[in-house]
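Following: one structure in structure tokens, then a few remarks.
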Amino acid sequence: MSSRRDPGRTLRRRFALGSGPLKRTSDRVEFASRVLLALALLLAVPLGLLAGAVAHTAVAAVEQQQAAVRTAETATLLADAADGGSGDISVPTSALWSAPDGAARTGHVEAEPRANAGSTVDIWVDDAGRLTERPLTDGEVTGQAVVIGVLVGLGVVIAGMSSHLLTLWLLERRRFRRWEKGWASVEPLWVSRFR
């Protein structure tokens, strides 16, 4: 028989905070908190993946809806674009474009600084021919789903860690108060023995 201890048994005892008649209620609560923390850490990735998949489905539906009602058009500048300030990559400039039904529309579009009248700019319009943003791309849909999945996974980990640390702090405060109370009843007897 080997005199060495089983490493698996030692690890289990440390995780479970030991066993036996000296195990306090606070030790059992701490163990339960450790188990819940382990479950939160194990569930963080699956919950993040699930949230990411749900978000991808929802944002992909928005992408399809936007693609169905938005159209790429070409606008012709009616005036020269302003010089713009330093660092400006676009300036509002008066332009003309065609709506999806063929009607002519005018308004201000973003153009490069100092663009000449008559030059063209790519724009996106809705069904009524009003200017709008371009529809979401597949990369943006995936990016939003990944961000949401990561945030949910991190949220689960942070919530698990925070609740475990709060539990440990409360238990330590309780243990310290009980120790002080016990010492207050023993100290007079202890000190009187050494006088």
Evaluate the following for residue 75: is it closer than 19 Å to residue 130 by Cα and surrounded by 15 or more Cβ atoms within 10 Å (Cβ to Cβ)? yes
Being of a type in the set (D, E, K, R) and touching a Ser or Thr at 6+ places or on another chain (Cβ under 7 Å) is the filter here; which residues of the stretch 159-193 pass it? 174, 175
Looking at 106, 167 in this structure, which one is among the hydroxyl-bearing types (Ser, Thr, Tyr) and either in a loop (DSSP other than H, G, I, E, B) or over 30 Å from residue 24 (Cα atoms) (or both)? 106
Scan the stretch 91-108 for residues that are surrounded by fewer than 13 Cβ atoms within 10 Å (Cβ to Cβ) and in contact (Cβ under 8 Å) with a residue 24 or more places away in the chain and report the count. 3
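We did not get these values from a lab; they are worked out from the coordinates using the rules stated. Since we're looking at a predicted model, the values are computed, not measured. We place every Cβ from the backbone using ideal geometry, glycine too, and count neighbours over all the protein chains shown.
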